[in-house]
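Asker: Have a look at this one.
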Amino acid sequence: MTNRAIINILTKFHKDWMKTTNILTKFHEDWMKTINILTKFHKDWMKTATSIVYTSDLINSLTKFHKDWMKTVTSTVYTNKLLTINILTKCHKDWMKTATSIINILTKFHKDWMKTVTSIVYTNKLLTDAHTHAHTTDAGHHTVT
């Protein structure tokens, strides 16, 4: 083999090798595009996943806040109802004590008044009867004095 033949073989090998290298380079470039697409997908997916996790955490926090708030509001409303009921009950009891005291005073006044009236009426009747009896004649006629 001559130098020329060897050079031709090496040149052909080099050209074929360059074609292979170009094919590998093209494969590498395409593969890098795929990697970049996957990387972008991963970044977008991570943003979405983070957003979902953040939103989920936010929803969980808001739900917990809402539940705690509802417990507080329910407790406050219930407590206010109990306080209102207790206040009304106390007012009612106080009113009943006052009303009972007034009724007792009026009853005592009425009893005393009835004794007085009865005593006056009875005394007047006795006096009237005594006076009438003193002025009655033997025939049973009243005399006017």
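Asker: Aspartates and glutamates within cross-link reach of Lys26: Cα-Cα under 16 Å, excluding same-chain residues under 8 positions apart?
Answerer: Asp16
Asker: Take region 60-124, drop everything but the C-alpha atoms, weight them equally and run the Debye formula without solvent; then report log10 I(q)/I(0) at 0.13, 0.23, 0.27 Å⁻¹ to two decimals.
Answerer: -0.63, -0.91, -1.00
Asker: Could you derive backbone 3J(HN,Hα) for region 89-94 from the dihedral phi with the Karplus parameters 6.51, -1.76 and 1.60 (θ = phi - 60°), listing whole Hz in sequence and x where the residue is Gly or Pro?
Answerer: Couplings: 4, 5, 4, 4, 4, 4 Hz.
Asker: Next question, about the same structure. Convex hull volume of the Cα atoms in the chain, per residue, in Å³?
Answerer: 146
Asker: Additional query: Once fully extended, how much extra length lies between His66 and Ile120, figured as 0.36 nm per residue of separation less the alpha-carbon to alpha-carbon distance?
Answerer: Length gained between His66 and Ile120: 11.6 nm.
Asker: Straight-line reach from Lys19: which lysines have Cα under 23 Å away, leaving out those fewer than 8 places along the same chain?
Answerer: Lys33
Asker: Related question: Given a 10 angstrom Cα cut-off, can you work out which residue in Leu82, Leu38, Leu58 is the most mobile in a GNM of the chain?
Answerer: Comparing Leu82, Leu38, Leu58 in the GNM, the peak value goes to Leu38.
Asker: Which lysines have a Cα less than 30 Å from the Cα of Lys90, not counting those fewer than 8 places away in the same chain?
Answerer: Lys71, Lys81, Lys108
Asker: Can you give the calculated 222 nm mean residue ellipticity of the chain, where each DSSP H run of n ≥ 4 adds -39,500 (n - 2.57) and the sum is split over every residue, rounded to the nearest 500 deg cm²/dmol?
Answerer: -35500 deg cm²/dmol
Quick note: the coordinates plus some simple rules give every number you see, no bench work behind them. Keep in mind it's a predicted model, so treat the numbers as computed, not measured.
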